[in-house]
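Below is one structure, written out as structure tokens; the observations come after it.
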Amino acid sequence: MGLLLPILLGFLASLIGGLYLLGVFRQRQPGEPPLDKGLIPWLGHVLEFRRNTLKFLDRMKQKHGDVFTVQLGGFYITFLQDPLSFGAFIKESREKLDFGKFAKHLVHRVFGYLAEESELHSLQMLSNKHLKGDGLKVMTQAMMGNLQNLMLHSTGSDEDQSAWIETGLFMYSYNILFRAGYLSLYGNAPPKFEGSEDKAKKKDRDESEALFKEFRKYDQLFPNLAYGVLSPRERSEAQRLMELFWNSLSVQKMKIKDNISGWVWDMQQVREEKGMDESMINKFMFVLLWASQGNTGPAAFWLLLFLMKNPEAMRAVKEEVDRVLKESGQKVQRGGPLVDLTHEMLLKTPILDSALEETLRLTAAPLLTRAVLQDLTLKMADGREYIIRKGDRMAMFPYSAVHIDPDIHPDPHSFKYDRFLNPDMSKKTDFYKEGKKVKYYNMPWGAGVSMCPGRFFATNEMKQFVFLKLAYFEIELKNPDEKIPEIDFRRWGFGSMQPDRDIDFRYRFRF
Ligand code: HEM
């Protein structure tokens with residue numbers, strides 16, 4: 001009996017502790033948002049959430065309104081889905097809503113990289129230096145050279161220039177954007193090692209092609225990797241791919257390249273100076289590759305597809321391309337000098353800008369998440385207040401809250417190339433919900449501390465690609481009546497969406 005009581009008490013304590021951890025005792029307290037724990041202890045709604053995030057959040061919003069707390073795999077996450085109140089989330093102090101800790105945890109699990117606490121600051125500083133202002137001009141120039149190498153290397157050759165080339169639009173766009181972006185950031189093969197300029201260019205084409213093939217394999221495993229639900233076979237494939245990228249992007253290999261971007265170079269230097277292990281820096285190089293190359297290709301695919309499906313939009317963009325080219329004094333000519341599309345030229349394309357913004361509205365769907373470090377009061381625009389608990393998480397999914405809200409964007413599922421254009425061709429920024437101006441009317445880049453630091457470069461990359469494609473080539477869908485593919489709903493929350501299947505198109509030189 002003397003021993004039995006402590007054993008029983010111990011068992012009871014662990015049972016209660018276990019149930020507590022499973023969230024069984026959590027109740028909604030006065031002042032808190034509606035709480036929906038789901039039926040499965042600890043897991044809560046995670047299976048439904050992962051199956052189709054958009055559908056799940058719509059269901060929750062219909063049930064509970066625009067603020068609710070749900071249980072997802074051991075976390076309590078409060079979703080804020082009222083766009084007029086987004087400022088409360090975006091502008092909350094970092095002491096209360098933190099991005100760094102959450103990101104650090106994810107990046108370690110998915111890329112094997114162990115970040116240090118202070119890294120957000122250097123990422124922002126170096127991105128401001130190299131991906132904005134003068135740095136952006138340098139990057140845009142580098143991108144131009146690499147796009148020329150990948151898209152136009154056969155223009156001067158004897159190949160039959162008038163033949164149509166047929167291929168999948170998604171894979172084509174992703175392939176070119178990935179490879180040109182990768183070469184612009186991580187550098188080119190040096191002609192002095194390869195023997196000549198042409199051989200170095202060929203090496204760039206071949207090496208980037210091989211890397212893209214491997215990247216696509218990782219990309220396809222990514223959603224399940226992020227949710228930690230890969231099968232053992234997939235897990236070992238993901239590990240193999242990670243090791244391949246750590247090796248391919250390693251500091252040793254990078255140091256012998258020409259034209260490494262200041263962004264990648266400085267990111268590496270900062271870590272080296274701090275004494276970070278070289279193998280860890282190599283892992284970081286893969287984090288950067290993932291962040292920089294996973295979104296532009298899919299987004300450029302949708303843009304070209306929407307243009308091909310909307311003849312009026314295509315006509316307007318093509319006219320703009322031809323006008324800007326003419327004004328620059330350049331001409332697309334067989335065997336002539338290649339068009340040099342500069343940063344300045346890209347500032348004169350309001351129609352293409354609007355078409356791109358519209359594309360991102362329809363197809364970029366990030367999930368913005370923060371860790372709640374202190375109890376806080378969420379103040380809504382209409383005066384409601386909610387208490388949010390320390391230890392929980394907060395999130396927003398702007399795609400459903402803003403991008404496809406018919407009040408903010410009428411006929412929200414249609415592509416309207418001039419949706420973001422005023423009649424005087426300036427950028428339209430006035431959008432309303434219930435008669436009130438909406439500040440965050442399109443959020444493909446996220447917002448606040450975690451807002452994409454590569455957005456200006458990304459915009460230029462996609463515009464350069466589309467501009468060159470339309471300036472040099474005739475393009476059309478193989479079957480113009482084929483329906484636009486659906487979005488692959490397993491990727492909701494992961495930035496630019498991908499289609500659930502590819503769609504064939506063809507192109508040939510215009511001149
Ligand atoms: C269409 C293209 C792109 C889209 C839609 C996009 C979108 C985003 C979004 C939504 C985030 C924030 C994620 C969050 O809050 O959790 C993000 C972060 C990031 N993006 Fe982009 N991005 C694009 C292209 C690029 C490019 C080209 C670069 C670099 C050259 C880049 C570099 C980064 C980095 C480094 C982060 C992490 C920021 C941090 O941890 O604070 N992105 N991006």
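We did not get these values from a lab; they are worked out from the coordinates using the rules stated. Since we're looking at a predicted model, the values are computed, not measured. Positions of Cβ are generated from backbone atoms using ideal geometry, with glycine treated the same way; all protein chains shown enter the neighbour counts.
Here is how the numbers come out for the structure above:
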read-out: Nearest-20 debye value, the range 224-344 charge dipole, Cβ charges on Lys, Arg, Asp, Glu; value: 380 debye
read-out: 18 Å Cα-Cα reach of K55 towards aspartates and glutamates, excluding residues that sit fewer than 8 places from it in its own chain; value: D36, D66, D82, D405, E486, D488, D500
read-out: In order through the range 401-410: 3J(HN,Hα) via Karplus (6.51 cos²θ - 1.76 cosθ + 1.60), integer Hz, x for Gly, Pro; value: 6, 10, 4, 10, 7, x, 6, 7, 10, x
read-out: Cβ-based exposure ranking for D382, D502, in which fewest neighbours within 10 Å come first; value: D382, D502
read-out: Inter-part distance where the range 228-284 and the range 462-478 are each reduced to a Cα centre, Å; value: 33 Å
read-out: Fully extended contour minus Cα-Cα distance, from I165 to R315, at 0.36 nm per residue; value: 51.8 nm
read-out: Sorted by Cβ neighbour density within 10 Å, fewest at the top, the residues W263, W302, W445; value: W445, W263, W302
read-out: Lys, Arg +1 and Asp, Glu -1 on Cβ, resulting dipole of the chain about Cα centre, debye, nearest 20; value: 820 debye
read-out: Whole-Hz ³J(HN,Hα) from phi, Karplus 6.51 cos²θ - 1.76 cosθ + 1.60, for the range 190-195, glycine and proline x; value: x, x, 5, 8, 8, x
read-out: Too-long pairs where the Cα-Cα distance tops 32 Å, listed order kept, from K309/K433; K201/K331; K101/K427; K192/K348; K37/K483; K213/K390; value: K101/K427; K192/K348; K37/K483; K213/K390
read-out: The range 299-433 - Rg over Rh from alpha carbon coordinates, Kirkwood radius; value: 1.14
read-out: Cα lying deepest toward the dipole's positive end in the chain, options F215, I388, Q333, charges on Cβ; value: I388
read-out: R393 long-range amide H proximity, modeled H, under 5 Å; value: Y76, I77, T78, V372
read-out: The range 45-96 - Debye-derived log10 I(q)/I(0), Cα point model, q = 0.17, 0.22, 0.29, 0.32 Å⁻¹; value: -0.59, -0.89, -1.14, -1.21
read-out: Computed Kirkwood radius, in angstrom, where 1/r is averaged over Cα pairs of the chain; value: 24.9 Å
read-out: Expected 222 nm ellipticity per residue - DSSP helices of 4 or more, -39500 (n - 2.57), all of the chain, to 500; value: -15500 deg cm²/dmol
read-out: Diffusion constant of the range 421-511 at 10 °C, which comes from Stokes-Einstein with the Kirkwood Cα-pair radius and 1.306 mPa s, µm²/s; value: 93 µm²/s
read-out: 5 angstrom amide H check on K433, placed H, neighbours 5+ away; value: V438
read-out: At least 18 Å along the helix axis (C-alpha) and Kyte average at least 1.0, DSSP helices within the chain; value: 4-21, 296-309
read-out: Alpha-carbon centroid distance for the pair the range 44-90 / the range 286-315, whole angstrom; value: 28 Å
read-out: Karplus-derived HN-Hα couplings along the range 87-98 (A = 6.51, B = -1.76, C = 1.60, θ = phi - 60°), whole Hz, x at Gly and Pro; value: x, 4, 7, 5, 9, 4, 5, 5, 5, 9, 10, 10
read-out: Distance from the range 337-401 to the range 95-147 (C-alpha centre basis), Å; value: 17 Å
read-out: Amide H contacts under 5 Å for A365, placed H, 5+ residues apart; value: G493, G495, S496, M497
read-out: Rg/Rg_ref, the range 238-366, where Rg_ref = 2.2 N^0.38 Å and atoms are Cα; value: 1.43
read-out: Charge-dipole axis of the chain as Lys and Arg at +1 and Asp and Glu at -1 on Cβ define it, positive-most pick from M497, G435, P350; value: G435
read-out: Peptides ranked, highest mean first, by Cβ atoms within 10 Å: ranges 437-443, 331-337, 284-290; value: 284-290, 437-443, 331-337
read-out: Top positive-direction residue, dipole computed over the chain with Cβ charges, set L131, G44, F25; value: F25
